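The values are calculated or read from the model by the stated rules, or taken from the named source; none is laboratory data. Bear in mind the structure is a predicted one, so any value in this text is a computation, not a measurement. Cβ coordinates were reconstructed from backbone atoms using ideal geometry, including for glycine residues, and neighbour counts include every protein chain displayed. Calculation scope for accessible area: heavy atoms of the full protein, side chains included, ligands and nucleic acids excluded. Shrake-Rupley method; radii C 1.70, N 1.55, O 1.52, S 1.80 Å.
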Amino acid sequence: MKDYIKVDEWKIIEEGFDPHYNLVSESIFSLGNGRMGQRANFEEAYSGATLPGNYVAGVYYPDKTRVGWWKNGYPEYFAKVLNAANWIGIDVSLDGEQLDLAKCEVIEFSRELNMKEGYLKRRFRARTKAFKEVVVEAIRFCSIADDEVGVIKYHISSINFAGEIVVTPFIDGDVVNKDSNYDEKFWDEIKKANWANGGYVQMRTKKTGFDVATGMTFTTSVNDDPRNLSSDPILREKYAGSKIKHQIGTRQSFTIYKYAANLSSQNYKPEELEGKLKEKLYTISEKGFDTMLAEQAAAWDKKWKHNDIIIEGDASAQQGIRFNIFQLNQTYTGEDDRLNIGPKGFTGEKYGGSTYWDTEAYCVPFYLSTADQKVTRNLLLYRYKQLDKAIDNAKLLGFKDGAALYPMVTMDGTECHNEWEITFEEIHRNGAIAYAIFNYVRYTGDEQYLADYGLEVLIAIARFWSQRVNWSDDKQQYVMLGVTGPNEYENNINNNWYTSTLATWCMKYALEVADKVAAQASEKYSALVDKIHFDKEKESAKFNHIIENMYYPYDEKQQVFLQQDGYLDKEQILVKDLPAADRPINQKWSWDRILRSCYIKQADVLQGIYFFEDQYDLDTIRRNYDFYEPRTVHESSLSPCVHAIIAAKLGDEARAYEFYLRTSRLDLDDYNNDTEDGCHITSMAGTWMAVVEGFGGMRVRDEKLSFQPFLPAKWQSFSFHIGFRGTLLNIRVSKDGVQIKNLSGNEVSVLVYGREQQVQANNELLVEA
């Protein structure tokens, strides 16, 4: 755990430069706008430890899976989000000496992420080996108002010398991925060009054939006075730059405004990219930096008005939740149903930037409440459009009759995870996709989605589960063998309670939806039955027989659901008894030792209890929580939020607050010593859940929002916005009670502590504590 980020309610602040933390800071201070994003690399050269990262959403490469053996059904490739052309680069030299903070004396340094207005600011004072001192202040952002562009203001002041300063803004497409197998480069140059005050490079990905044109234009000023300085064009392979030479005096300044754009063949024809790029660059440079910055602030203000969470009395908790919300909003906007939410977003390469089950299990609740309904609908449509590939994936593994197994990792619907115990065994992901459909319909009331898209997905998933189980003559029940649950510190286990529970729920829900669609949209139902050859009577009988005769491991002595068969055969040493030197175990222990231990990476049984809490009484929930939480090491970012929500439900304030703080500051404090690889974007939605579903106790009951809130002792109050079926509510919890503001023109009925309350349009009420 690191503790170098200053606490501020609206800003992420780093003061002083420690090169050992630079990779972590590059992740934390990352920027994005849903279409493009980047790590917080320096504009000027830096020869120290750095992970360059500029990313364009949806652009990927199928990197050949690197294993020494092959199995039937094994993915042919691992899809990687690519490090794209570097558009932020601005080389600086002072009388021939390159400005490089790894080689200079850094006298002062600060980095500030302004979350309220959406920009990154960096300021430093450095002394070169030739004893020349400069102060640099750089501000940049990826525009939310125009998601194909970014802009930089780079201001250099001479402190103690007069001489030649050479500034070279550039676009560099000769980039690599750190995680490239065989050190392969993934981009080919198509064309490049320079023009007055700018240039561009058009690149094409190998194999997948995505074209991306990255271009720039720039303006300059001297002592804050606009000056059109001449520049010398530089063209080389995959590179376009412009060298600007200027004689700077002592205590004088030079500023360059660099306007850049990334245009992709996802949205334009490849032959149109150059022309469209020039149009885009002209438009934004004519606007100018100050106008674009004002547009950015306005766009972020609109977002914050809808989804800010305000915590009074706890600045650390406040900073944590806003950081999480900020990163979520700059990762995914929901405007394009071809895109999804990678676990690292635009902050790093790890996990390939691909789609995991995290989206359905964690991100869907956030977007349901904080964004337009179409945003979550687009996340569901993303999966619907990949149903045929999910069916093909199941066929590769021997399933038939329209059974679908959605991929663990994907960019286009094809499975591309490269670890067998995940690819073949972590099949619970199918259930998360079905649960997201249930969650969406329960929240929005959009039952039309079921008839149009949802039922087809649900039946395909139910068919998979019905074929994945087998009848045990010994138990006289159905069993599910050879699986991996959410706890990836267990592989190839039998009868994982969570997976089996999810499987039978999926089959039951599919049958319920089939009956509903048949009754409400008979023509669409009949067309679907013909399309997928659904034999309602025969398949219902099979599903129901499995539902009624499924085996779930249970320990009578402890009165808990067993994570899997044989779990209690393991040596039961609690996490509190582990030496600190052994943590985190995924970095200190062998995989063999981990697999033989009782330690749980993330919520497994408790994930199922979170999903289906209405099926269990409080005593059952408490017994399972008290049993599994002390055995959980929380070395998955997805773990603390579920534990926080359940602890809040149980009234366990201490553990609810502990796990909330851990999930909200997971990256800011680098709890798991892995933030240098990128931030844990999808788990950040879990932070929002920990506040709203945990401390706020929000659920949907009988078509209404229900709240069962409590106020942590360290907080004076907390408040959040909830969008629900055409209404926007602000909920504020304080020592006085629960204040509900209806910010819409519709009357709404809500439940507070189980009592129904009517809130008039554009009005408010206080439910006293």
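For region 561-581, the candidate set comprises residues that are free of Cβ contacts under 8 Å to residues at least 40 places away in the same chain and of a type in the set (Asp, Glu); within that set, the residue that is least open to solvent (accessible area, probe 1.4 Å) is 577. Based on this model, can you work out whether residue 40 counts as under 20 Å from residue 100 (Cβ atoms) and outside any helix (DSSP H, G or I)? Here the answer is yes, as residue 40 does meet what is asked.
Here is a yes/no grid of residues against (1) surrounded by fewer than 22 Cβ atoms within 10 Å (Cβ to Cβ); (2) at pLDDT 95 or above:
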residue: 399; (1), (2): yes, yes
residue: 410; (1), (2): no, no
residue: 415; (1), (2): no, no
residue: 431; (1), (2): no, yes
residue: 436; (1), (2): no, yes
residue: 447; (1), (2): yes, yes
residue: 456; (1), (2): yes, yes
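For residue 290, the conditions (1) in contact (Cβ under 8 Å) with a residue 60 or more places away in the chain; (2) closer than 20 Å to residue 145 by Cα are fulfilled apart from (1). Of the helices (runs of 4 or more DSSP H) lying entirely inside region 554-653, the ones with 1 or more residues being touching a Ser or Thr at 6+ places or on another chain (Cβ under 7 Å) are found at 605-611, 639-649. Residues of region 712-747 that are crowded, with 20+ Cβ neighbours inside 10 Å, over 19 Å from residue 367 (Cα atoms) and in contact with a Phe, Trp or Tyr (Cβ under 9 Å, 6 or more places away or on another chain): 712, 718, 733, 738, 740. Look at region 457-475: where a residue is under 17 Å from residue 403 (Cβ atoms) and touching a residue at least 60 places away in the same chain (Cβ under 8 Å) and a partner is among the acidic types (Asp, Glu) and surrounded by fewer than 24 Cβ atoms within 10 Å (Cβ to Cβ), sitting 6+ places away or on another chain with Cβ atoms under 7 Å, you get 463/401.
Need at least 2 residues that are over 30 Å from residue 662 (Cα atoms) per element, so show me which helices (runs of 4 or more DSSP H) inside region 323-404 make the cut, counting only ones lying wholly within it.
Numbers: elements: 364-370, 373-384, 387-396.
In region 323-404, the matching helices (runs of 4 or more DSSP H) lie at 373-384, 387-396.
Residues in region 740-749: is at least one in a strand (DSSP E or B) and β-branched (Val, Ile, Thr)? Steps first, please.
Start the filter on region 740-749 by keeping residues that are in a strand (DSSP E or B), which leaves 740-742, 748-749.
If we keep only those that are β-branched (Val, Ile, Thr) too, we end up with 740, 748.
Checking region 740-749: at least one residue is in a strand (DSSP E or B) and β-branched (Val, Ile, Thr).
Against the test of being touching an Asp or Glu at 6+ places or on another chain (Cβ under 7 Å) and modelled with pLDDT of 90 or more, the options 393, 340 yield a single qualifying residue, 393.
Does residue 619 satisfy the condition of being crowded, with 17+ Cβ neighbours inside 10 Å and either of a type outside the set (Gly, Ala, Ser) or over 16 Å from residue 600 (Cβ atoms) (or both)? Break it down into steps so the answer makes sense when it comes.
Details: crowded, with 17+ Cβ neighbours inside 10 Å: no; either of a type outside the set (Gly, Ala, Ser) or over 16 Å from residue 600 (Cβ atoms) (or both): yes.
Judged against the criteria, residue 619 is not a match.
Pick from region 162-216 the residues that are among the small types (Gly, Ala, Ser) and open to solvent by 30 Å² or more (accessible area, probe 1.4 Å): which of them is farthest from residue 99 (Cα to Cα)?
Only one residue tops the list, namely 209.
Here's the yes/no breakdown for (1) within 17 Å of residue 214 (Cα to Cα); (2) not β-branched (Val, Ile, Thr):
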site: 151; (1), (2): yes, no
site: 171; (1), (2): yes, no
site: 179; (1), (2): no, yes
site: 182; (1), (2): no, yes
site: 188; (1), (2): yes, yes
site: 191; (1), (2): yes, yes
site: 198; (1), (2): yes, yes
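Is it the case, given these coordinates, that residue 97 is among the charged types (D, E, K, R) and without any contact (Cβ under 8 Å) to a residue 24 or more places away in the chain? The answer is no for residue 97. Every listed requirement among (1) in contact with a Pro (Cβ under 6 Å, 6 or more places away or on another chain); (2) crowded, with 23+ Cβ neighbours inside 10 Å; (3) over 20 Å from residue 493 (Cα atoms); (4) not small (Gly, Ala, Ser) is met by residue 657 save one, (2).
Within region 707-738, being small (Gly, Ala, Ser) and either modelled with pLDDT under 95 or assigned to a strand (DSSP E or B) (or both) holds for 717, 719, 723, 726, 734, 737. Here 33, 41 are screened, and the one residue that is in contact with a strand residue (DSSP E or B) (Cβ under 7 Å, 6 or more places away or on another chain), among the polar types (S, T, N, Q) and open to solvent by less than 20 Å² (accessible area, probe 1.4 Å) is 33.
Conditions (1) under 19 Å from residue 428 (Cα atoms); (2) of a type outside the set (S, T, N, Q), marked per residue:
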| position | (1), (2) |
| --- | --- |
| 537 | no, yes |
| 540 | no, no |
| 552 | yes, yes |
| 557 | no, yes |
| 561 | yes, yes |
| 571 | no, yes |
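Would you confirm, using the coordinates I've provided, whether residue 280 is in contact with an Asp or Glu (Cβ under 8 Å, 6 or more places away or on another chain) and buried (at least 16 other Cβ atoms within 10 Å of the Cβ)? So that I can check it myself, show each step before the final result.
On the way: in contact with an Asp or Glu (Cβ under 8 Å, 6 or more places away or on another chain): yes; buried (at least 16 other Cβ atoms within 10 Å of the Cβ): yes.
So residue 280 passes the test.
Residues in region 690-706 include at least one that is in a strand (DSSP E or B), farther than 20 Å from residue 641 by Cβ and not hydrophobic (A, V, I, L, M, F, W, C). Among the residues of region 20-28, is there at least one that is without any contact (Cβ under 8 Å) to a residue 24 or more places away in the chain and crowded, with 19+ Cβ neighbours inside 10 Å? Yes - at least one qualifying residue is present in region 20-28.
Of all the residues in region 529-553, those that are touching a residue at least 24 places away in the same chain (Cβ under 8 Å) and outside any helix (DSSP H, G or I) number 7. Being modelled with pLDDT under 95 and on the phi > 0 side of the Ramachandran plot is a property that residue 183 has. Right, residue 130: at pLDDT 95 or above, of a type in the set (A, V, I, L, M) and more than 25 Å from residue 326 (Cβ to Cβ) or not? Criteria met by residue 130. Take residue 386 and tell me if it is closer than 30 Å to residue 180 by Cβ and open to solvent by 10 Å² or more (accessible area, probe 1.4 Å). When the stated conditions are applied, residue 386 passes them. Scanning region 60-76 for residues that are out of contact with any Asp or Glu (no Cβ under 6 Å at 6 or more places or on another chain) and either surrounded by 15 or more Cβ atoms within 10 Å (Cβ to Cβ) or at pLDDT 85 or above (or both) gives 60, 61, 62, 63, 65, 73, 74. Residues in region 303-320 include none that are in a helix (DSSP H, G or I), open to solvent by less than 20 Å² (accessible area, probe 1.4 Å) and among the hydroxyl-bearing types (Ser, Thr, Tyr). Selection of region 233-254 for residues being touching a residue at least 12 places away in the same chain (Cβ under 8 Å), within 20 Å of residue 194 (Cα to Cα) and open to solvent by 80 Å² or more (accessible area, probe 1.4 Å) yields 233, 235, 237, 245.
Within region 478-525, the set of residues being over 35 Å from the mean Cα position of the chain (by Cα), farther than 19 Å from residue 438 by Cβ and open to solvent by less than 60 Å² (accessible area, probe 1.4 Å) comprises 478 only.
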